[in-house]
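Chemist: First, the structure itself, so that you have it in front of you.
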Amino acid sequence: MNDQTTPSRLYGRLIGTGAYTSIRLRNGMIAAVVPEETERSEDAGKELWIAPGLVDLQVNGFGGYDVNLAGASMEARVEAIRQMTRELLKKGTTSFCPTIITAGDEQIMACVTAVRLACETDPLVDQCVLGIHLEGPYLSAEDGPRGAHPREHIKDPDWNEFSRWNEASGDKICMVTLAPERAGAVEMIRQLVQNGILACIGHTAATHEQITAAADAGAVMSTHLGNGAHPVLPRHPNYIWSQLAEDRLTCGIIADGHHLHPSVVNVMARSKQGRLVLVSDAVHLAGMPPGVYKTHVGGEVELLPSGRLQTRANPLLLAGSAVSLLDCVRGYSRFTGAQLAESFALASAKPAELIGNPHLGAIGVNRIADLLMISLEPNTLKMEVREVIKRGETVFRLQ
């Protein structure tokens, strides 16, 4: 992918503002951002817009490639991560956290090792992977909050066990999602924070007091809030209200129109007032053509043209997220009326800041040159990635 001719200067309209701008690149960084007075394109319909590369804190798979590949050789696991990275880049995601879900010890060890080896052997993967998001196995065992995580591997937090996984990963685990009501969870959160690892609340049936205790211990994020929950909750209090009300928690949401109703996205946006990030939580079928597929988790599933991934046995049940983070950017603007500049920030600068990479995710001098050139239909907000710049190098260009 990186055999493209890389320009030393980009020209287009800045996403959100529409201002014509030229951006000079040097040594993988943005050297200058210069306003231009007039457009240069003879055909305004073909003009390109410049956007920051997207930062996704939760990716289980993409384009047919699975981070949580089961029963496979290490070579196949590493290759899946290599290819997934390239598929994500084509959709504008330039940095991401491969997300490893609840499984037995051997499977988790294999998954974290594969991420480490992929980073060690492939420079492009190493540039794109921010760290590993470990989602489980320290989650609620209750139906609803547990989601699709296998009950037989759900357990209480164990720091020694976690430390073995992190050592195998090359200390790449940077986020852990856990349920604060589990025995030892609050102490686990304290230890994660002391070691510079983001502690997140998710797949939980916690009480208001348990959520407050988790925030007191240093938890800073709610993982895909509103999903991984009971279908029916007490009117109040409940663990969704409590996390919305907790100002110390940044809310991660999937704005694909399927995981959360647009009205819920709107309410969460108003409630959190900027303490919100967009995630895709994409599974391996994301980016694949519509159709019927067999999976090792949900059995037979159907991917609709709308991007909804549902089980064939019960179409009312989702079988995971099958959209890109760019799709969620569009969804967020459509559901809330937010300007694209704000929606992009929630999928770039904000998650980069949360994960501790402030030089990523924004367009400015001395920022890392992770940039997208996209075509945009302003009325529908439909976007197509035309070119992707990663650290100043073109890694994808639509032919």
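The values are calculated or read from the model by the stated rules, or taken from the named source; none is laboratory data. Not measured: the values here are computed from a predicted model. Cβ coordinates were reconstructed from backbone atoms using ideal geometry, including for glycine residues, and neighbour counts include every protein chain displayed. The area values use the complete protein model at the heavy-atom level, side chains included, leaving out ligands, DNA and RNA. Shrake-Rupley method; radii C 1.70, N 1.55, O 1.52, S 1.80 Å.
Chemist: Which order do you get for TRP49, TRP159 if you rank them by accessible area with a 1.4 Å probe, largest at the top?
Modeler: TRP159, TRP49
Chemist: Now, a different point. Count the DSSP beta bridges whose two residues both fall in the chain, then state the antiparallel fraction as a percent rounded to the nearest 5. Spell out each step's value before the answer.
Modeler: Numbers: 39 of 66 bridges.
Within the chain, antiparallel bridges account for around 60 percent of the total.
Chemist: Could you give the radius of gyration (one decimal) and Dmax (whole number) of the Cα atoms in segment 319-359, in Å?
Modeler: According to the Cα coordinates of segment 319-359, Rg and Dmax are 11.4, 35 Å.
Chemist: Using alpha carbons only, how many degrees (0 to 90, rounded to 10) separate the axis of helix 325-336 from the longest principal axis of the chain?
Modeler: Here the helix axis deviates by roughly 90 degrees.
Chemist: Okay, moving on. Nearest 10 degrees, 0 to 90: what angle lies between the long axis of helix 208-217 and the longest principal axis of the chain (Cα atoms)?
Modeler: The angle comes out near 60 degrees.
Chemist: When you take every Cα atom in segment 225-287, what is the radius of gyration, and what is Dmax, the widest Cα pair distance, in Å?
Modeler: 12.2, 38
Chemist: Angle between the Cα long axis of helix 262-272 and the longest principal axis of the chain, 0 to 90 degrees, nearest 10?
Modeler: With both axes taken from Cα atoms, the answer is about 90 degrees.
Chemist: Evaluate the charge dipole of the chain about its Cα centre and quote only its size in Debye, nearest 20, assuming +1 on the Cβ of each Lys and Arg and -1 on the Cβ of each Asp and Glu.
Modeler: Roughly 740 debye for the chain.
Chemist: Before anything else, pin down the relative contact order of segment 59-165: Cα pairs under 8 Å, at least 6 apart, normalised by residue count, whole percent. Write out the running numbers ahead of the final one.
Modeler: Numbers: 143 pairs, mean separation 28.3, N = 107.
Normalised by residue count, the contact order of segment 59-165 is 26 percent.
Chemist: How large is the translational diffusion coefficient of segment 54-355 in µm² per second when you combine the Kirkwood radius over alpha carbon pairs with Stokes-Einstein at 4 °C and 1.567 mPa s?
Modeler: 68
Chemist: Report the residue, chosen from GLY226, GLY170, GLY18, that carries the largest GNM mean-square fluctuation when the chain is represented by alpha-carbon nodes joined by springs under 10 Å.
Modeler: GLY18
Chemist: Next question. If you average the C-alpha positions of segment 184-249 and of segment 339-399 separately, how far apart do those two centres end up, in angstrom?
Modeler: Value for the Cα centre distance between the two parts: 29 Å.
Chemist: Still on this structure, I have one more. Please state the relative contact order of the chain as a whole percent: Cα pairs under 8 Å, 6+ residues apart?
Modeler: It comes to 21 percent, rounded to a whole number.
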